[in-house]
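The values are calculated or read from the model by the stated rules, or taken from the named source; none is laboratory data. All values derive from a computational prediction rather than experimental measurement. Don't worry about glycine lacking a Cβ; one is built from the backbone with ideal geometry, like all the others, and counts go over all protein chains shown. These area figures cover heavy atoms from the full protein model, side chains too; ligands, DNA and RNA do not enter into them. Shrake-Rupley method; radii C 1.70, N 1.55, O 1.52, S 1.80 Å.
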Amino acid sequence: MSKPKKTLSRRLYITFARPLYRRLPYTRWGDRLAYLHEFYMQHHRWPSKEQLFNNVLYRIKSSTEIEQPERTFTTDKEFVKYYIAGVVGEEYNVPTLAVLRSPEEVNTYDFPETCVIKATHGCGDVVILQPGMEPDRSALIDQLSENYYYAYRERNYRSLKGKLIVEPRLFEGQDVHDYKVFCWNGRARCILYVNDRHTAFFRLLLDIDWQPIPVEWSPHDVEKPLPEKPAVLDEMIEIAEKLSRPFDFVRVDFYIDDDRLLVGEITHCAAGANEQFRNLDEERKLSEIIFGTSST
């Protein structure tokens, strides 16, 4: 794909918007200017009304929709488990060992020898304890006062209280793969398979019949063997569709082993509307699969 031309609007953007990005106030209009800046930097184009993957996520992220109570509630990694239990059953939740809400609780909690510690109010802050490891309690306490919104301006995190959730390590001794189901208007449209991040990491897009979809992500030059079709595929799709019904576009993330299907989380703004594709044609392919058309 050819590089975008340096139009007047782009020259103005380069001259004025970049230096202002980190100085923008944390208000609704400040966030929207920041979103425009980030979108352009990532995609070298402006968001538009075209029904493209990143455009749709941008509209969710930059509108009041991202702050709807059901989206905010299910963003919290503790509260989403109440939603999952109420809609599809407690058996689909990853077990909770503890929820730590204060520095005192972090300092006095007797962490299991093997466990996973996550910030309920953030994304990606995961600590995996293994035998012989001691938790860094000071670093964990620091997480309680962090606010993911101020790092990435995703407004569904803005009002969340700082907590840490402790869970058992899943599928001990096995690789843990992610299964991310993209849903549009209550229907599962495709599945993003993510091979274990600690082994041979790669991502592969599949349709709901477990057939590869030829969409190239970035990076795109790695071997992507077709993983074995999960025995619980139909159940996973059914659960994803039930959980997605209150939302127009959402991603439901799962963990699977031979006999268990567990919901990891519900993701409302995948990659912050900054998912990278090999080119715009690849993004259009995925958009046609999810939304049925790439145009408005």
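Table: residues versus (1) farther than 21 Å from residue 44 by Cβ; (2) at pLDDT below 90.
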residue	(1), (2)
181	yes, no
187	yes, no
202	yes, yes
207	yes, no
253	yes, no
259	yes, yes
285	no, no
290	yes, no
293	yes, yes
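Answer yes or no: is there a residue in the stretch 132-144 that is crowded, with 19+ Cβ neighbours inside 10 Å, among the aliphatic types (A, V, I, L, M) and over 13 Å from residue 102 (Cα atoms). No: the stretch 132-144 contains no residue that is crowded, with 19+ Cβ neighbours inside 10 Å, among the aliphatic types (A, V, I, L, M) and over 13 Å from residue 102 (Cα atoms).
Considering only the stretch 252-271, state which residues are open to solvent by 30 Å² or more (accessible area, probe 1.4 Å) and part of a strand (DSSP E or B).
255, 265
Summed over the stretch 110-126, the residues that are over 23 Å from residue 159 (Cα atoms) and either of a type in the set (Lys, Arg) or touching a Pro at 6+ places or on another chain (Cβ under 9 Å) (or both) give a count of 6.
Kindly evaluate residue 101 against the criterion of being at pLDDT below 95, of a type outside the set (Ser, Thr, Tyr), open to solvent by 50 Å² or more (accessible area, probe 1.4 Å) and over 30 Å from residue 238 (Cβ atoms). Here the answer is no, as residue 101 does not meet what is asked. For the stretch 46-54, the condition of being closer than 27 Å to residue 144 by Cα, open to solvent by 30 Å² or more (accessible area, probe 1.4 Å) and basic (Lys, Arg) holds for none of the residues.
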